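Structure record follows, encoded as structure tokens.
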Amino acid sequence: MTHQPDRDGHNLPASTPTTSTAYPALNPAVLEQAAEWLLLSSDDWDQPAKQAFQRWLGQHQDHQRAWQRALHLKSMLGNLPEQSAQILQANPTLSRRRAMSTLVMMMTTGGLLAWQSGVLNSYDFTTRTSEQLDVTLADGTRLQLNTNTQVDVSLSSTRRQIQLQQGEILINTGKNGLYLEAPFHVSTRDAQLQALGTRFSVQQQQHQTRLQVFEGRVRVSGHQGQEWQIVTAGQQVQFNQLGIRHQQAASISSTLWTQQLFAADNLPLAELVTELQRYFSGHIRLHPTLANQRVSGLFPINNIPDTLSLLAQSHPLEVSNLFGVWLTIQPRL
């Protein structure tokens, strides 16, 4: 077997890539080992690492086949270490194991065909009640998830797609590298959104979706392709599957959840409790006579029992706390 140095001077086996995707079946564990060596090829190898690689390569013919497949993948992607870095950087908490799984998937026949059809990165992100998540995707997009949110993300050189299954997200779109020409779409239960260089939030509510645009523009279309409206910076709309229902000015304070805060401006107490309940895994019970009492202020959302206790200090309320999971708000006697 001949060898050739890669761009970093590593002594890696040479390969003559083919265009065939009819790969013979290989043990997934062997493909994973080849993916690990491929990821390591972006690092500075010392002599023991090079020797270990050569030992692994010579242990079995399947190792050599897996490595040839890895080099084939590298030749198709171009600068693989850069692509590997994108996979690893797509989520700050993404593990090396997940990166290897992505590469292994791409080294199979189905995975390579998926890449050839445009699918390069696919992720899903979920937050539970009171959790939030802030991730930077491989295209440079910043995606922030509010409490109890689930999204599916698919990035390719031809299309970037986020499916909002539930909850609320704030997006600041990016356009890096492979994704320079790829349009950016967000799908909800009610409609399809296309970002036109923008910062915006989307919240899937019980009977409708709310879109707020803070920078740029967002095109709103029905799932059958009919365009409803282009929403510009400073606007928000609510819509369901039948179309736009309501339009008003965007509220920048609605994004304060990214700073662990909620802003109330002369808000009925019942509505404040409904909002705070989103961030509390227990139960909040409000006495009916307090429902229309008006409140204003900035309320922390990272510790709801403490927030309600502070509220009671400035309003004629009493808050009882049963085991930290059952909060009752009643008039002060």
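The values are calculated or read from the model by the stated rules, or taken from the named source; none is laboratory data. Because the structure is predicted, anything quoted here is derived from the model rather than measured. Cβ atoms come from the backbone with ideal geometry, glycine included; neighbour counts cover every protein chain shown. Protein only, heavy atoms only, side chains kept; ligands, DNA and RNA dropped before computing areas. Shrake-Rupley method; radii C 1.70, N 1.55, O 1.52, S 1.80 Å.
Here are a few things to note about the model shown:
- Pairing each residue of segment 265-278 that is at positive phi with any residue that is part of a strand (DSSP E or B) and open to solvent by less than 10 Å² (accessible area, probe 1.4 Å), provided the two are 6+ apart or on different chains, yields C-beta distances under 9 Å for Asn266/Val295.
- Flag if Gly174 is in a loop (DSSP other than H, G, I, E, B) and more than 25 Å from Ser251 (Cβ to Cβ): no
- Evaluated against (1) farther than 21 Å from Thr232 by Cα; (2) open to solvent by 10 Å² or more (accessible area, probe 1.4 Å); (3) of a type in the set (Ser, Thr, Tyr), Thr147 falls short on exactly one condition, (2).
- Residue list for segment 251-268, restricted to those being open to solvent by less than 30 Å² (accessible area, probe 1.4 Å) and within 20 Å of Val213 (Cα to Cα): Ser254, Thr255, Trp257
- Qualifying positions in segment 192-225 - in contact with a Gly (Cβ under 9 Å, 6 or more places away or on another chain) and modelled with pLDDT under 95: Leu196, Gly197, Thr198, Gly222
Residue-by-condition table, conditions (1) closer than 24 Å to Ile169 by Cβ; (2) among the hydrophobic types (A, V, I, L, M, F, W, C):
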position	(1), (2)
Leu242	yes, yes
Leu261	yes, yes
Ala264	yes, yes
Pro268	no, no
Glu271	yes, no
Gln277	yes, no
Leu286	no, yes
His315	no, no
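- Residue-level check: of (1) at pLDDT 55 or above; (2) aliphatic (A, V, I, L, M); (3) surrounded by 11 or more Cβ atoms within 10 Å (Cβ to Cβ), Ala14 misses just (1).
- Of the criteria (1) in contact with a helix residue (DSSP H, G or I) (Cβ under 6 Å, 6 or more places away or on another chain); (2) at pLDDT below 95; (3) part of a strand (DSSP E or B), which one Asp139 fails: (3)
- Gln161 more than 12 Å from Gly140 (Cβ to Cβ), open to solvent by 10 Å² or more (accessible area, probe 1.4 Å), touching a Ser or Thr at 6+ places or on another chain (Cβ under 6 Å) and assigned to a strand (DSSP E or B): yes
- Of the residues Val295, Val273, Val237, the single one that is in contact with a strand residue (DSSP E or B) (Cβ under 8 Å, 6 or more places away or on another chain), modelled with pLDDT of 95 or more, open to solvent by less than 70 Å² (accessible area, probe 1.4 Å) and under 15 Å from Gln212 (Cβ atoms) is Val237.
- Flag for Ser130 being of a type in the set (Ser, Thr, Tyr), in contact with a Phe, Trp or Tyr (Cβ under 6 Å, 6 or more places away or on another chain) and open to solvent by 60 Å² or more (accessible area, probe 1.4 Å): yes
- Close pairs (9 angstrom Cβ cut-off, 6 or more residues apart or separate chains): under 17 Å from Ser253 (Cβ atoms) in segment 294-314, among the hydroxyl-bearing types (Ser, Thr, Tyr) and open to solvent by less than 10 Å² (accessible area, probe 1.4 Å) anywhere: Phe299/Thr307; Pro300/Thr307; Ile301/Thr147; Ile301/Thr307
- Filtering segment 44-65 for residues that are surrounded by 11 or more Cβ atoms within 10 Å (Cβ to Cβ), at pLDDT below 80 and not hydrophobic (A, V, I, L, M, F, W, C) leaves an empty set.
- Count - residues of segment 298-333 that are modelled with pLDDT of 95 or more, in contact with a Gly (Cβ under 8 Å, 6 or more places away or on another chain) and surrounded by fewer than 17 Cβ atoms within 10 Å (Cβ to Cβ): 2
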